[in-house]
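Note sheet for the following structure.
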């Protein structure tokens, strides 16, 4: 596997500092986070599921909040940026998770307020295993 997506539900609006990126408001809704791991993708995903960790990546700050829940995880044979480009959604934080992006993605976190649209997006992307 080359990449993965976390499907995230934010159950209440949160105001959150995301490392050096800044402080942002995350509205209630559904988020797609696209990531990758050079060596062990399963270990990276397991880390995301843990609440006990040092904050290293932008997503660590979001996932540590009690109003944030990973509701699904999908692994893909597509590259991180290719998978992200195919994912619909609104970018609410420019630069989130995309500091090492090679396709000039504006963000690797996308937002969708409506669950039906979020599910359609998740099913339409394809490339999952």
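Brief remarks follow.
- Number of the condition not met by residue 79 [criteria: (1) under 18 Å from residue 23 (Cα atoms); (2) surrounded by fewer than 18 Cβ atoms within 10 Å (Cβ to Cβ); (3) out of contact with any helix residue (DSSP H, G or I) (no Cβ under 9 Å at 6 or more places or on another chain)]: (1)
- Checking each residue in the stretch 88-98 for being in contact with a strand residue (DSSP E or B) (Cβ under 8 Å, 6 or more places away or on another chain) and either at pLDDT 90 or above or assigned to a helix (DSSP H, G or I) (or both) picks out 89, 90, 91, 92, 93, 96, 97.
- Residue check, residue 60 modelled with pLDDT of 95 or more, over 18 Å from residue 94 (Cβ atoms), assigned to a helix (DSSP H, G or I) and under 16 Å from the mean Cα position of the chain (by Cα): yes
- Criterion (more than 13 Å from residue 93 (Cβ to Cβ) and either assigned to a strand (DSSP E or B) or modelled with pLDDT under 95 (or both)) met by exactly one of 17, 52: 52
- Matching residues in the stretch 99-119 - criterion: being surrounded by 15 or more Cβ atoms within 10 Å (Cβ to Cβ) and modelled with pLDDT of 90 or more: 107, 108, 109, 110, 111, 112
The values are calculated or read from the model by the stated rules, or taken from the named source; none is laboratory data. Keep in mind the model is a prediction, meaning the values are calculated, not measured. Glycine also receives a Cβ, built like all others from the backbone with ideal geometry; neighbour counts cover every protein chain displayed.
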